[in-house]
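J.: Here it is, the structure in full.
The values are calculated or read from the model by the stated rules, or taken from the named source; none is laboratory data. Note that the coordinates shown come from a computational prediction; the quantities given were computed from them, not determined experimentally. Virtual Cβ from ideal backbone geometry, glycine too; neighbours counted across all protein chains shown. Only protein heavy atoms, including side chains, enter the accessible area calculation; ligands, DNA and RNA are left aside. Shrake-Rupley method; radii C 1.70, N 1.55, O 1.52, S 1.80 Å.
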Number of protein chains: 2
Amino acid sequence: MAVIKLHGSPLSTATQRALTCIYEKEVEFHFVPVNMGAGEHKSENYLSLNPFGQVPAFEEGDFKLFESRAITQYVAHEYTDKGTQLLLPGSNKSKAVLEMWKEVEAHQFDPASSKLAWELAFKPFLGMATDTGVVEENEAKLAKVLDVYETRLTQSKYLACDYFTLADLHHLPNIHYLLGTPAKKLFDSRPHASAWVADITARPAWSKVLAMLKQ
Amino acid sequence: MAVIKLHGSPLSTATQRALTCIYEKEVEFHFVPVNMGAGEHKSENYLSLNPFGQVPAFEEGDFKLFESRAITQYVAHEYTDKGTQLLLPGSNKSKAVLEMWKEVEAHQFDPASSKLAWELAFKPFLGMATDTGVVEENEAKLAKVLDVYETRLTQSKYLACDYFTLADLHHLPNIHYLLGTPAKKLFDSRPHASAWVADITARPAWSKVLAMLKQ
């Protein structure tokens, strides 16, 4: 079996998403750091792996893939017998429920949480001023999303079903950054969402990603 | 078999995406118009179908689904033997390639093209002023995305492979709105992207969606 290579930066939420999945599946891989500060993600060599010049990029022998959520989907299917079961096997209907919650992360949770992480975590880190208008707007949007999650999480332990799937996993990187900011209150004020956050951030696979962040 | 109901508005790109898929699969369905001008999408009844108060929402008997791309995925899998084959069957690797191009649509094409459609098509229609700064920024972003498509479309006739799949279908609504604006030049100036646009916009299923728009 070809060795998996994941190219990326441990600071990037998309890289973290792919890394978490690979750790959950307990497959061997080689991490190739991409020095974004030095512009390596825009080099000709890297663009042959990801034509959008973004991290991460995935290689398994001759097979190449980019887009973090396509990478997690592939790894979860290809290594279905290894590590954590991250899919919802069964009928097309149960698979569709997982797909729906993955789409909710991508189109409802991610836009608001990414903007908040940028304003409240990355900008202060980079010495840039936070735009309070953008924060207010996106806190209001994220609050509405989390209201839906709060209701959903009274019906099932995780978003798609009663066990942890890709739909939950995809949330981890942005949640992690927001927990270190005042936006943490949006999770804390919702008991089911808060318990879900505590549960998924405690996973050993996620701790391994955090350990890479600290290196 | 339970009758499919699709709730939505023919003006909405997300509704159009789901409609196109259902027409391609040639499955019978009942379209339920949601009067967004009257706020029907925020009514208690509608929120039980889509808790985010957005269109479309899908019903098949007791089974309910929202998020347009989750609906197309379900319909393509559930009705695999009907109408157009919109998936890429085969190995996990070939499926992953389709997933990757679906992710590209969702995370690269859609953000820039949706902002341009809003500024160049919807705002003038609503009598609102176009923000030229937003237009310039997003035309530059979309140009970079279409450069990648141009290269990809020299390698295969459609984005994921040599036949039309969900990855192509998901682009139709935003492409349609942009073709009626000055952003059309971004497609026209790229021969392979332009041929692809001509091909996918000529599909009978898309014509049926356009006919609903004109009603």
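J.: When you go through (1) farther than 30 Å from B:Lys64 by Cβ; (2) over 15 Å from the mean Cα position of the chain (by Cα); (3) within 13 Å of chain B (Cβ to nearest Cβ) one by one for A:Leu88, which number turns out not to apply?
T.: For A:Leu88, the exception is condition (1).
J.: Follow-up question, since we're still on this one. Determine whether the range A:156-166 contains at least one residue that is touching a residue at least 40 places away in the same chain (Cβ under 8 Å), closer than 25 Å to A:Glu24 by Cα and either in contact with a strand residue (DSSP E or B) (Cβ under 8 Å, 6 or more places away or on another chain) or not in a loop (DSSP other than H, G, I, E, B) (or both).
T.: Within the range A:156-166, one or more residues are touching a residue at least 40 places away in the same chain (Cβ under 8 Å), closer than 25 Å to A:Glu24 by Cα and either in contact with a strand residue (DSSP E or B) (Cβ under 8 Å, 6 or more places away or on another chain) or not in a loop (DSSP other than H, G, I, E, B) (or both).
J.: Looking only at residues in the range B:11-57 that are among the hydrophobic types (A, V, I, L, M, F, W, C), away from every other protein chain (no Cβ under 14 Å) and part of a loop (DSSP other than H, G, I, E, B), which one is nearest to B:Phe122 (Cα to Cα)?
T.: B:Leu11
J.: Then there is this: Out of contact with any Ser or Thr (no Cβ under 9 Å at 6 or more places or on another chain) and either at negative phi or not hydrophobic (A, V, I, L, M, F, W, C) (or both): does that describe A:Ile175?
T.: no
J.: Among the residues of the range B:120-134, write down those that are buried (at least 18 other Cβ atoms within 10 Å of the Cβ) and out of contact with any Phe, Trp or Tyr (no Cβ under 6 Å at 6 or more places or on another chain).
T.: Scanning the range B:120-134 gives a single hit, B:Leu120.
J.: Another one. Look through the range B:60-84, keep the residues that are open to solvent by 30 Å² or more (accessible area, probe 1.4 Å) and of a type in the set (Asp, Glu), and return whichever of them is nearest to the other protein chains (Cβ to nearest Cβ).
T.: As a first pass, look at the range B:60-84 and keep what is open to solvent by 30 Å² or more (accessible area, probe 1.4 Å): B:61-62, B:64, B:77-78, B:80-84.
Of the ones still in play, those that are also of a type in the set (Asp, Glu) are B:62, B:78, B:81.
Numbers: B:Asp62: 10, B:Glu78: 5, B:Asp81: 12 Å.
Among residues in the range B:60-84 that are open to solvent by 30 Å² or more (accessible area, probe 1.4 Å) and of a type in the set (Asp, Glu), the one nearest to the other protein chains (Cβ to nearest Cβ) is B:Glu78.
J.: Output the residues belonging to the range A:58-102 that are hydroxyl-bearing (Ser, Thr, Tyr), under 27 Å from B:Ala18 (Cβ atoms) and not in a helix (DSSP H, G or I).
T.: A:Ser91 - this is the single residue of the range A:58-102 that is hydroxyl-bearing (Ser, Thr, Tyr), under 27 Å from B:Ala18 (Cβ atoms) and not in a helix (DSSP H, G or I).
J.: Report whether or not B:Lys214 is free of Cβ contacts under 8 Å to residues at least 24 places away in the same chain and either within 14 Å of another protein chain (Cβ to nearest Cβ) or open to solvent by 10 Å² or more (accessible area, probe 1.4 Å) (or both).
T.: Against the criterion (free of Cβ contacts under 8 Å to residues at least 24 places away in the same chain and either within 14 Å of another protein chain (Cβ to nearest Cβ) or open to solvent by 10 Å² or more (accessible area, probe 1.4 Å) (or both)), B:Lys214 qualifies.
J.: If we keep just the residues of the range B:103-153 that are out of contact with any helix residue (DSSP H, G or I) (no Cβ under 7 Å at 6 or more places or on another chain), in a helix (DSSP H, G or I) and among the hydrophobic types (A, V, I, L, M, F, W, C), which is farthest from the other protein chains (Cβ to nearest Cβ)?
T.: B:Phe125
J.: Considering each residue of the range A:95-146, count those that are among the acidic types (Asp, Glu), more than 15 Å from the chain's Cα centre (by Cα) and under 20 Å from A:Ser12 (Cβ atoms), and give that number.
T.: Going through the range A:95-146 one residue at a time, the tally reaches 1.
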